[in-house]
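Notes follow once the structure below has been shown.
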Amino acid sequence: TDIPALKTFLAGDFEIGAAVGRAQLLGNHAQLLNRHFDSITAGNAMKWDATEPTEGTYTWTDADAIVNYARTNGMRLRGHTLVWHNQTPAWVFQNASGGPLTDSAADKAILLTRLENHIRAVAGRYAADVDHWDVANEVIDENQPDGLRRSDWYTIAGLDYLRTAFRVAREVAPNAKLFINDYNTNVTTKRDKLYALVAQLRAEGVPIDGVGHQMHVNIDWPSVSETEAMLHKFIPLGVDQQITEMDVSVYTNGSESLPAIPQERLIKQADRYRDLFALYRRYRDDISSVTLWGLADDDTWLSTFPIARLEAPLLFDTRLQAKPAYWGIVDPS
Ligand code: XIL
């Protein structure tokens, strides 16, 4: 079809990306991907459980397929993610007898060595291909006084897990921009804690180049002004910013489930994409890319999270046709 290519429309503003799995690299999906997007992110293939399911044994099949696709098709690649509390195998936090690692100096050293080995392997392997890494994902918990999520990483190693992760990533992938990525950064308390952490670590010399805002949002939330405050907040740090996982749920709560999505919600969704992309474009000097967490509505994580329900959070429908949401960006009249 000859609808405008998103990447051409947005070329003066920022790169536009999509999270993919191997299903998106074939046939009509690949055509749609190549036509509209500058960059891809592996939705799952580069996570710890996918790449190092048991210690020292790496499985590269899915990640290599995505990296090779990006190479062959001249697309940029965001790496996601090197250290996270989810999708990380249990062995990472266990001692030789299968018990939990503690915060003793010896156990902490074991954990940090595993982290270092993992990042050397994964980020080292793709050093020539990945131009931005989500080194650390979802480390903030705004309900903690110090803002730091009590993950196994933190309780065993304190902030040293972040220092190690960024230092090693910089060493093995010196050409990649290194990001700290989180959700709900539009919420004031959360973004203030993230800001404080990034400011502290950068002051220490930890190589953090950018802040990633996931932007899993919905048709009512958050407001454009809250989202603008999110972008504005980080400007004084002099970091790059990216929108890393955007989707716009047609539901505004976690339990509702409809047999079909009313047209009215698809129109509201189009208005949200229109307004948020207009904002991003105004902040083009601060944002280097915007990534959607999926290619089309036939395959989106929201169809199982937080409950199984029909979802349609993206720009193209289950038949890969442009939705009102797409036209909200390309023809915002
Ligand atoms: C999601 C994937 O899309 C799903 O396929 C998987 O089952 C769970 O993880 N925040 C993140 C992403 O940083 O890694 C998550 O991806 C979505 C929420």
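Taking only the Cα atoms of the chain, how large is their convex hull per residue, in Å³?
Spelled out: Cα convex hull of the chain, divided by residues, is 137 Å³.
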Would you please give the residues with an amide H less than 5 Å from that of GLY79, counting only those at least 5 places away or on a separate chain, with H modeled from the backbone geometry?
ASP131, HIS132, TRP133, ASP134
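Using 0.36 nm per residue of separation minus the Cα-Cα distance, give me the extension gain between GLN263 and VAL224 in nm, one decimal. Can you show the working numbers first?
Details: separation 39, 0.36 × 39 = 14.04 nm, distance 2.24 nm.
Result for the pair: 11.8 nm of gain on full extension.
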Within 13 Å, Cβ to Cβ, of ILE208, how many net charges do the neighbouring residues add up to if Lys/Arg are +1 and Asp/Glu are -1?
0
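Within the chain, which complete DSSP H helices have Cα atoms spanning at least 20 Å along the helix axis and a mean Kyte-Doolittle hydropathy of -0.5 or higher?
Working: long enough: 105-125 (30 Å, 0.07); 188-204 (24 Å, -0.53); 263-282 (29 Å, -1.21).
Helix filter hits for the chain: 105-125.
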Each label point is 7 Å from the Cα along the Cα-to-Cβ direction; what then is the distance between the points at GLN200 and ASP2, in nm?
5.8
Pick out which of THR81, THR304, THR59 has the largest mean-square fluctuation in a Gaussian network model of the chain, springs linking Cα atoms closer than 10 Å.
THR304
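Based on the Cβ-Cβ distance from ASP103 to ASN143, what FRET efficiency comes out when R0 is 35 Å, to the nearest 0.05? Let's see the in-between values first.
Numbers: r = 21 Å, r/R0 = 0.60.
So, using R0 = 35 Å, E works out to roughly 0.95.
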Taking only DSSP H segments of four or more residues, each worth -39500 (n - 2.57), what value at 222 nm results for the chain once the sum is divided by all its residues, to the nearest 500 deg cm²/dmol?
-11500 deg cm²/dmol
Sorted from fewest to most neighbouring beta carbons within 10 Å, what does the list TYR58, TYR126, TYR195 look like?
TYR58, TYR195, TYR126
Taking the dipole about the Cα centre of the stretch 32-169, with the C-beta of Lys and Arg at +1 and of Asp and Glu at -1, give me whichever of GLY79, MET46, LEU32 is farthest to the positive side.
LEU32
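Charges at C-beta only: +1 for Lys and Arg, -1 for Asp and Glu. How large is the resulting dipole of the chain about its Cα centre, in Debye rounded to 20?
Working: 32 positive and 44 negative charges, 76 e Å.
Computed charge dipole of the chain: roughly 360 debye.
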Which of LEU194, VAL135, LEU159, positive extreme of dipole for the stretch 6-330 (C-beta unit charges):
VAL135
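Multiply the residue gap between ALA308 and ALA121 by 0.36 nm, knock off their C-alpha separation, and tell me the result in nm, one decimal place.
Working: separation 187, 0.36 × 187 = 67.32 nm, distance 3.52 nm.
Using 0.36 nm per residue and subtracting the Cα-Cα distance, I get 63.8 nm.
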Can you list residues from other chains, or at least 5 along the same chain, whose modelled amide H is less than 5 Å from the amide H of TYR251?
ILE219
Contour minus end-to-end for THR113 and ALA96, with contour as 0.36 nm per residue of separation and end-to-end as the Cα-Cα distance?
4.7 nm
Residues ASP271 and TRP301, FRET efficiency given R0 of 41 Å [Cβ-Cβ distance, rounded to 0.05]:
0.95
Cα centroids of the stretch 156-180 and the stretch 67-137: how far apart, whole angstrom?
10
With point charges of +1 on the Cβ of Lys and Arg and -1 on the Cβ of Asp and Glu, referenced to the Cα centre of the stretch 6-330, which listed residue (ILE235, GLN321, PRO145) lies farthest in the positive direction of the dipole?
GLN321
Amide H neighbours of THR185 under 5 Å, at least 5 residues apart or on other chains, H built in the peptide plane: list them.
GLN214, MET215
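FYI, it's all coordinate maths here, none of it is from the lab. The structure displayed is predicted, hence computed values, not measured ones. No Cβ is skipped: glycine too gets one built from the backbone with ideal geometry, and neighbour counts run over all protein chains shown.
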